[in-house]
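Heads up: the structure comes next, in structure tokens.
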Amino acid sequence: MPTIESILHETRCFEPPHPFTENARIKDRATYDALVEEATQDWDGFWARRAREEITWITPFTKPYRGDHATRHTWFEDGVLNASVNCLDRHLGAHRHKPAIIFEGDDGATEIWSYLRMHQEVCRFANGIKEKGIQRGDRVVIYMPMHPRAVVAMLACARIGAIHSVVFAGFSTKALKDRIADTGAKMVITADEAVRGGKTIPLKQTVDLSLPKITKKSSVKTVVIMRRTQADISMKPGRDLFWEELTHGQPDICPPEPMGSEDPLFILYTSGSTGKPKGILHTTAGYLLGAILSMKWVFDYQSDDIFWCTADVGWITGHTYVAYGPMAVGATQLIFEGTPTHPHAGRFWEVVEKHRVTTFYTAPTAIRSLIKTGKELPKSYNLSSLRLLGSVGEPINPEAWIWYKETVGENRCPVVDTWWQTETGSHMIAPLPGALATKPGSCTLPLPGIFASVVDETGHELGPGQGGLLVIKKPWPSQLRTIWGDDERYRKNYFLHGESGKSFYLASDSAVRDEEGYFWIMGRMDDVLTVSGHRLGTMEIESSLVASPGVAEAAVVARPDDLTGEAIVAFVVPHGACPTGQAASQMAEELRQWVTQEIGAIAKPREIRFGDNLPKTRSGKIMRRLLRLIAKGEAISQDTSTLENPAILEQLKESL
Ligand code: WT7
């Protein structure tokens with residue numbers, strides 16, 4: 001495989017700022033190097049020591065790592081713990097009245113939830129769902145807006161050993177239905193409606209549409225509804241009940257279920273290149289350890305921080321850095337229901353000022369849209385409380401990085417660009433902000449204990465400046481254990497078995513290292529798009545298009561986009577003649593609506609092109625590479641002789 005060409009010319013480098021370094025947990029490069037060295041010398045001992053220090057155990061473990069160093073891994077296997085105890089009970093001493101969550105509603109109303117209140121709510125809700133028959137190992141789908149009760153629902157599952165699977169509230173019927181079916185969930189927890197940016201989203205109605213008409217056929221026996229807007233919703237007797245009915249009269253104490261380290265904590269669906277979304281399975285202790293350590297190492301967590309991660313609980317970022325990480329370290333965090341620019345373009349900065357936020361973690365797409373809607377706006381707010389800024393979800397372009405650092409961070413705050421994935425559970429490559437110099441556009445170096453590298457297809461390590469496959473060479477505690485219900489796909493998808501006989505975890509991202517070993521992520525290797533920092537499979541969008549009555553075939557690719565990172569371009573082959581002019585725009589609009597209905601607005605194609613066919617190899621494989629060039633408006637200089645139908649390229653090029 002020829003190495004991937006990198007077009008990287010960034011040379012700016014920033015030392016950790018003073019006075020940040022003075023109070024930082026890891027204050028200098030030498031301390032970081034020593035941690036890396038400790039992990040290199042004694043890799044599982046390194047993790048075992050951290051696990052003993054950071055986790056509250058019911059029964060301590062004796063075995064740090066057991067596995068085959070390839071696809072099977074267990075960490076701290078014989079240990080017994082409960083994740084909700086680590087997130088709640090252990091803070092009920094000195095910190096019982098400390099705010100756990102500051103909730104900022106879409107309309108600007110604020111609520112403060114202490115650790116004591118969270119504990120009581122979790123216990124009462126846990127008792128309630130137990131009474132409804134939910135037991136250890138059962139799956140519960142959570143389809144809720146950004147609200148403290150979304151975290152309550154997750155931690156209540158953890159308390160009784162049920163496996164939660166949160167579905168992003170921006171997804172609609174088809175996506176929700178597939179996930180409910182794949183998990184075999186017994187219960188769905190939702191709200192009447194969500195409120196975002198002044199608009200309401202009918203969550204309960206979507207749940208109703210997602211559950212089979214005949215209840216007998218569905219695994220779902222109970223739907224619990226949180227009232228958010230008091231909207232008039234239909235209630236199915238015997239199946240549906242309100243949150244207050246469930247918790248009414250329940251004691252605010254619930255004994256935690258003793259869980260093994262390797263017992264499943266949650267399933268979270270993410271897109272893969274082929275087939276349906278993958279239910280990524282995370283287990284208890286290793287996941288928790290990754291969340292806790294990265295809170296301390298990367299976010300440099302301090303007890304008086306006001307931590308704000310803007311991600312929705314429907315994504316892994318909202319699991320690790322809303323539901324589990326901040327709670328496990330006993331932080332005060334902000335949960336925001338709204339959108340960055342409602343009711344005005346300065347909303348994010350207004351919220352930072354209002355709640356004196358110290359740590360702010362968001363996605364490049366949000367940063368870019370904030371630059372666009374109000375480059376100078378941050379200056380009109382008091383952002384002096386901020387001490388650390390973070391970025392996640394996609395590569396951040398150096399100009400956005402610099403703006404973030406200068407205009408939002410006022411050159412006082414380090415910027416941590418964090419590379420990780422749903423599958424990795426927690427940060428993998430990211431700066432320890434007091435220790436590492438940062439470079440705009442680079443996620444810097446792996447965390448201590450993480451052995452990342454860039455290799456070619458045979459597993460040989462590549463040198464500086466040579467782009468290749470990003471791999472992780474050794475197992476780590478918070479990595480996925482399998483794909484729910486599809487272990488074979490897990491084993492096939494995620495590992496590179498190198499010529500040396502060693503197996504590496506394969507991230508499906510391309511990357512390059514510079515002379516100082518800094519990692520620069522170049523993008524995805526598979527047919528997965530990153531739109532607004534969210535990974536979307538082409539497959540799911542294509543299937544939805546093909547499910548529309550007028551469509552015979554569809555292929556979806558991405559083209560770079562200033563705002564959303566990547567924009568979706570769909571190539572569609574209709575049944576019958578190809579529409580042109582007005583008919584084409586009308587059909588395109590109908591299809592965009594269709595995808596929004598089926599999967600959600602996030603998957604809506606920006607552009608739809610019609611053709612009589614798609615470019616295919618003689619074996620019938622769609623040549624997405626060529627479609628990508630057409631979508632970008634670039635010339636096709638590559639060899640197209642392997643194409644079954646070369647003439648189709650001209651038609652698709654002219655189809656706009
Ligand atoms: C993919 C994972 C991890 C939480 C959000 C997304 C891309 C993620 C970065 C970054 C460059 C990044 C990668 C990765 N990605 N963070 N800092 N720089 N690319 O989770 O949906 O599992 O997507 O997002 O392509 O593989 P996800």
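Return a yes/no flag: does the stretch 406-416 have any residue that is within 30 Å of W113 (Cβ to Cβ), in contact with a strand residue (DSSP E or B) (Cβ under 9 Å, 6 or more places away or on another chain) and modelled with pLDDT under 95. No, every residue in the stretch 406-416 fails to be within 30 Å of W113 (Cβ to Cβ), in contact with a strand residue (DSSP E or B) (Cβ under 9 Å, 6 or more places away or on another chain) and modelled with pLDDT under 95. Looking across the stretch 244-297, the residues that are in contact with a strand residue (DSSP E or B) (Cβ under 7 Å, 6 or more places away or on another chain), closer than 23 Å to Y143 by Cβ and modelled with pLDDT under 95 come down to T270, S271, G272, P277, K278. All of (1) surrounded by 18 or more Cβ atoms within 10 Å (Cβ to Cβ); (2) of a type outside the set (S, T, Y); (3) farther than 27 Å from R49 by Cβ hold for G463 with one exception: (1).
Of the conditions (1) among the β-branched types (V, I, T); (2) part of a helix (DSSP H, G or I); (3) within 9 Å of the ligand (Cβ to nearest atom), T418 clears all except one; give me its number. Here T418 clears every test but (2). Open to solvent by 40 Å² or more (accessible area, probe 1.4 Å) and closer than 22 Å to I134 by Cα: which single residue out of A185, A191, A181 fits that description? Within the list A185, A191, A181, the selection yields A181. Would you call R66 open to solvent by 50 Å² or more (accessible area, probe 1.4 Å) and touching a His at 6+ places or on another chain (Cβ under 9 Å)? For R66, the condition - open to solvent by 50 Å² or more (accessible area, probe 1.4 Å) and touching a His at 6+ places or on another chain (Cβ under 9 Å) - is met.
Taking the residues in the stretch 304-355 that are aliphatic (A, V, I, L, M) and out of contact with any helix residue (DSSP H, G or I) (no Cβ under 8 Å at 6 or more places or on another chain) as candidates, determine which candidate is nearest to the ligand (Cβ to nearest atom). Result: I316. Scanning the stretch 475-509 for residues that are in a loop (DSSP other than H, G, I, E, B), closer than 16 Å to Y287 by Cβ and open to solvent by less than 30 Å² (accessible area, probe 1.4 Å) yields a count of 7.
Restricted to the stretch 533-555, and to residues there that are outside any strand (DSSP E or B) and at pLDDT below 85, the residue that is most open to solvent (accessible area, probe 1.4 Å) is M539.
Is it the case that the stretch 474-484 has a residue that's modelled with pLDDT under 95 and small (G, A, S)? Looking through the stretch 474-484, none of the residues is modelled with pLDDT under 95 and small (G, A, S).
Here is a yes/no grid of residues against (1) within 23 Å of L293 (Cβ to Cβ); (2) more than 11 Å from the ligand (Cβ to nearest atom):
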residue: S391; (1), (2): yes, no
residue: N397; (1), (2): no, no
residue: I429; (1), (2): yes, no
residue: G434; (1), (2): yes, yes
residue: A437; (1), (2): yes, yes
residue: P440; (1), (2): no, yes
residue: P446; (1), (2): yes, yes
residue: G449; (1), (2): yes, yes
residue: Q479; (1), (2): yes, yes
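Condition (residue is open to solvent by 10 Å² or more (accessible area, probe 1.4 Å), among the basic types (K, R) and at pLDDT below 95) applied to the stretch 432-449: is it met by at least one residue? No, every residue in the stretch 432-449 fails to be open to solvent by 10 Å² or more (accessible area, probe 1.4 Å), among the basic types (K, R) and at pLDDT below 95.
Within the stretch 510-532, restricting attention to residues that are within 12 Å of the ligand (Cβ to nearest atom), farther than 21 Å from P440 by Cβ and in a loop (DSSP other than H, G, I, E, B), the residue that is least open to solvent (accessible area, probe 1.4 Å) is D526.
Identify the residue in the stretch 281-317 that is under 11 Å from the mean Cα position of the chain (by Cα) and more than 26 Å from E53 (Cβ to Cβ) and, among all such residues, is surrounded by the most Cβ atoms within 10 Å (Cβ to Cβ). First the steps, then the outcome.
Step one: filter the stretch 281-317 for residues under 11 Å from the mean Cα position of the chain (by Cα), giving 311-317.
Those still in the list that are more than 26 Å from E53 (Cβ to Cβ) too: 311-315.
Working: A311: 22, D312: 20, V313: 25, G314: 23, W315: 22.
If we take residues in the stretch 281-317 being under 11 Å from the mean Cα position of the chain (by Cα) and more than 26 Å from E53 (Cβ to Cβ), then V313 is surrounded by the most Cβ atoms within 10 Å (Cβ to Cβ).
Based on this model, can you work out whether K604 counts as surrounded by 13 or more Cβ atoms within 10 Å (Cβ to Cβ), among the basic types (K, R) and touching a helix residue (DSSP H, G or I) at 6+ places or on another chain (Cβ under 6 Å)? Yes; evaluated as a whole, the condition is true for this residue.
Residue count for the stretch 223-269, restricted to those that are within 16 Å of the ligand (Cβ to nearest atom) and open to solvent by 10 Å² or more (accessible area, probe 1.4 Å): 1. Filtering the stretch 607-629 to residues that are farther than 26 Å from A366 by Cα and either of a type in the set (A, V, I, L, M, F, W, C) or open to solvent by 60 Å² or more (accessible area, probe 1.4 Å) (or both) leaves F610, D612, L614, R618, S619, K621, I622, M623, R625, L626, L627, L629.
Being in a helix (DSSP H, G or I) and at pLDDT below 95 is true for just one of A150, A175, A126, A94. Which residue is that?
Values: A150 fails: at pLDDT below 95; A126 fails: at pLDDT below 95; A94 fails: in a helix (DSSP H, G or I).
A175 is the lone residue from the list that is in a helix (DSSP H, G or I) and at pLDDT below 95.
Checked against (1) part of a loop (DSSP other than H, G, I, E, B); (2) open to solvent by less than 40 Å² (accessible area, probe 1.4 Å); (3) within 30 Å of L289 (Cβ to Cβ), A158 passes all but a single condition, namely (1). Hey, can you tell me all the residues within the stretch 28-52 that are charged (D, E, K, R), in contact with a helix residue (DSSP H, G or I) (Cβ under 8 Å, 6 or more places away or on another chain) and buried (at least 17 other Cβ atoms within 10 Å of the Cβ)? Matches in the stretch 28-52: R50 only.
Checked against (1) open to solvent by less than 40 Å² (accessible area, probe 1.4 Å); (2) at pLDDT 90 or above, E589 meets all criteria but (1). Of the numbered criteria (1) buried (at least 23 other Cβ atoms within 10 Å of the Cβ); (2) among the aliphatic types (A, V, I, L, M); (3) away from the ligand (no atom under 16 Å from the Cβ), the one L383 fails is (1).
Scanning the stretch 103-136 for residues being open to solvent by 10 Å² or more (accessible area, probe 1.4 Å), among the aliphatic types (A, V, I, L, M) and in contact with a strand residue (DSSP E or B) (Cβ under 8 Å, 6 or more places away or on another chain) gives a total of 1.
The values are calculated or read from the model by the stated rules, or taken from the named source; none is laboratory data. Just so it is clear, the structure is predicted and the values come from calculations on it, not from any experiment. Neighbour counts are summed over all protein chains in view; Cβ atoms, including those assigned to glycine, are modelled from backbone coordinates with ideal geometry. Ligands, DNA and RNA are excluded from the accessible area calculation, which covers all protein heavy atoms including side chains. Shrake-Rupley method; radii C 1.70, N 1.55, O 1.52, S 1.80 Å.
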